[in-house]
Every structure is written in C-alpha cells, then in structure tokens.
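The block underneath contains the structure these notes are about, expressed in structure tokens.
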Amino acid sequence: MLEAQRQEINQIDTQLTALFERRLAIAKEIASQKYQQQLPLTDVTREHQVIKQQCAQLKDPQLAPYLTDWYRSTMLLTKQYQAHVIQKLQHHSSIK
Ligand SMILES: C=C(O[C@@H]1C=C(C(=O)O)C=C[C@H]1O)C(=O)O
C-alpha cells in the first residue's frame, strides 16, 4: 500500500545522503581554514542568511518552519563535525 511512496522516499534519501556527504566535505575544508585563520566555529550572520535564502525558495511557504528546523539541525551537526576536524588538526600540530 505504502510501497510506491516509500520507494520514492528511498530514492530521495539516496540523493540526500550523497548531498550530505558533499556538504560535510566542504564543511571540512571550511573547518581547516577556520583553524588556520583562528576563526570562530559559528557564523550566526551566515546561518541566518542561508535559512532566509532557502525558505524564500520554497513553493509552499507553510513549510518554512520545518525547513528552518531542518537547517538548524544540519548546521548543528555540521559544526559538531567541524569541531571534530579542528580537534584532530590541533592534536596533530601538538605532537609535531
Ligand atoms: C559551514 C560553516 O560553518 C557553520 C555552519 C554553517 C552551515 O552549516 O551552513 C554556516 C555557518 C557556520 O556557523 C561556515 O562557516 O560556512
């Protein structure tokens, strides 16, 4: 009964996973620049700008609060990953 929709969700999830991996790969590059230039992990202005830009692209504006939450959690885990990347860079430089 739900089979067709679930298969479609599976296909969407496959695309999301690939995009997630690409997003975190870029976030890793940003993390190493933040480490080298001693920049803070969080850029609140940028975060607000991303959420505003993406919400403006929705066809259905009623989805804005859900997309906002989606981005808030994505950004939180992106920063957790960046913190991990920076910790590793700090560890490597301390043992040289
Ligand atoms: C990826 C970055 O790091 C953080 C995470 C962001 C995101 O996930 O979009 C945006 C800004 C920063 O708070 C960045 O600085 O661009």
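Observations on the model:
- Meets criteria (charged (D, E, K, R), open to solvent by less than 60 Å² (accessible area, probe 1.4 Å) and in a helix (DSSP H, G or I)) for Lys88: no
- As for segment 43-64, it holds at least one residue that is within 10 Å of the ligand (Cβ to nearest atom), outside any helix (DSSP H, G or I) and surrounded by 11 or more Cβ atoms within 10 Å (Cβ to Cβ).
- Considering residues of segment 7-22 that are open to solvent by less than 90 Å² (accessible area, probe 1.4 Å) and within 19 Å of Gln80 (Cβ to Cβ) only, the residue nearest to the ligand (Cβ to nearest atom): Leu16
- Pair list, Cβ < 6 Å and 6+ apart or interchain, from segment 64-86 residues that are under 15 Å from Glu47 (Cβ atoms) to residues that are of a type in the set (D, E, K, R) and in a helix (DSSP H, G or I): Met75/Glu47
The values are calculated or read from the model by the stated rules, or taken from the named source; none is laboratory data. Source: prediction; values computed, not measured. Glycine gets a Cβ as well: all are built from the backbone with ideal geometry, and neighbour counts include every protein chain shown. We work out accessible area using only protein heavy atoms, side chains counted, and drop any ligands, DNA or RNA first. Shrake-Rupley method; radii C 1.70, N 1.55, O 1.52, S 1.80 Å.
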